[in-house]
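The structure appears below as C-alpha cells.
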Amino acid sequence: MRNLYAPWRMEYIGAPADAGCLFCRVRDAGPEDDRRNLVVHRDPDALVMLNKFPYNPGHLMVAPRAHEGSLAALTDAQVLALMRLVRRSQRVLEQVMSPEGFNVGVNMGRVAGAGIPDHVHVHMVPRWNGDTNFLPVLGEVKVVNEHLERTWEKLVAAFAQEPGAESSASPP
C-alpha cells in the first residue's frame, strides 16, 4: 500500500473546538488578512472565501456578515445580498475555472451536516465530468489539483474585474 500525505489536514483535525465562529473571525479580521484567511471578496453585507478543506478546486463559501444560524433568521435584504453574491461567485468561477456544473447548497444544523452550524453559509463546489474517481470511494482521499493560494490569486483578480460591488480583498 502507498501513502498519500496531506499534512495540512492536521490543522483541521486538531483545531480547538472553542475557536469561535470562522466567518465572524474572518469578517472582523479585515481585508489586510484576506490572503491568510482565503477571503476572495467582501461586500457590505456578505463575503466569499475559499474552503480551506475543499471538495474540489475553487470550493467557495459565501456567508452573510450577520451571525445567524439559518436563512429564516436573516432579513430579506440580507438574503438578497447573500444570493446576489452567490450568483456573482458563480460567474467568477465560470470565468476562471470553466466548470461543467456546480453543487450549491446550505447545510443548516449539525444533523444536516453543517460544520459551522451557528453561521449560515452557502457552499459552491465547481464540478467537472470525471472529477470523482475511485480514490474518494475506496481510499477516502480526494486529490485537489491546485494550491489554495494560486486559486485565491485567480479569484481575487476575477472578482476585481467582475461587474458589481468593489472588492476589498487585495489583489496579488
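Please calculate the 1.4 Å probe accessible area of F102, with all protein chains present, and give it to the nearest 10 Å².
Near enough 60 Å² of accessible area.
Can you check what the net charge comes to around R35, using other residues whose Cβ is under 10 Å from the Cβ of R35 (Lys, Arg +1; Asp, Glu -1)?
For residues surrounding R35, the net value is -4.
Loop only by DSSP, 16 or fewer other Cβ within 10 Å of the Cβ. Give me the trypsin sites (Lys or Arg not before Pro) in the range 27-134 that pass, ordered by residue number. Please list the in-between numbers first.
On the way: sites: R27, R35, R36, R42, K52, R65, R84, R87, R88, R91, R110, R127; in loops: K52, R65.
For trypsin sites (Lys or Arg not before Pro) across the range 27-134 that sit outside H, G, I, E and B with at most 16 neighbouring Cβ atoms in 10 Å, the list reads K52.
Compute, for T132, the solvent-accessible surface of its heavy atoms (probe 1.4 Å) with the complete set of protein chains present, and express it in square angstrom to the nearest 10.
The accessible area of T132 comes to roughly 80 Å².
How far apart, in nanometres, would the label points at E100 and R150 be if each is projected 7 angstrom from Cα along the Cα-to-Cβ direction?
Label at E100, label at R150, 2.1 nm between them.
Grab the beta carbon distance between R25 and R127, set R0 = 41 Å, and tell me the FRET efficiency rounded to 0.05.
According to the calculation, E is roughly 0.90.
For the range 57-119, what are the per-bin percents of Cα-Cα distances with bins 5 Å wide, up to the bin holding the maximum?
Once binned at 5 Å, the Cα pair distances of the range 57-119 give 4, 16, 25, 22, 18, 12, 4.
Net charge within 15 Å of E100 by Cβ-Cβ distance, Lys/Arg positive one each and Asp/Glu negative one each, not counting E100 itself?
Spelling it out: positives minus negatives among the neighbours equals -1.
Please compute the Kirkwood hydrodynamic radius over the range 29-68, one decimal place, Å, based on all pairs of different Cα atoms.
After inverting the mean inverse Cα-Cα distance, the result is 10.6 Å.
The values are calculated or read from the model by the stated rules, or taken from the named source; none is laboratory data. Model, not experiment: these values are computed from the prediction. Note: ideal-geometry Cβ built from the backbone for every residue, glycine included; neighbour counts use all protein chains shown. All accessible areas refer to the heavy atoms of the entire protein, side chains included, with ligands and DNA or RNA removed. Shrake-Rupley method; radii C 1.70, N 1.55, O 1.52, S 1.80 Å.
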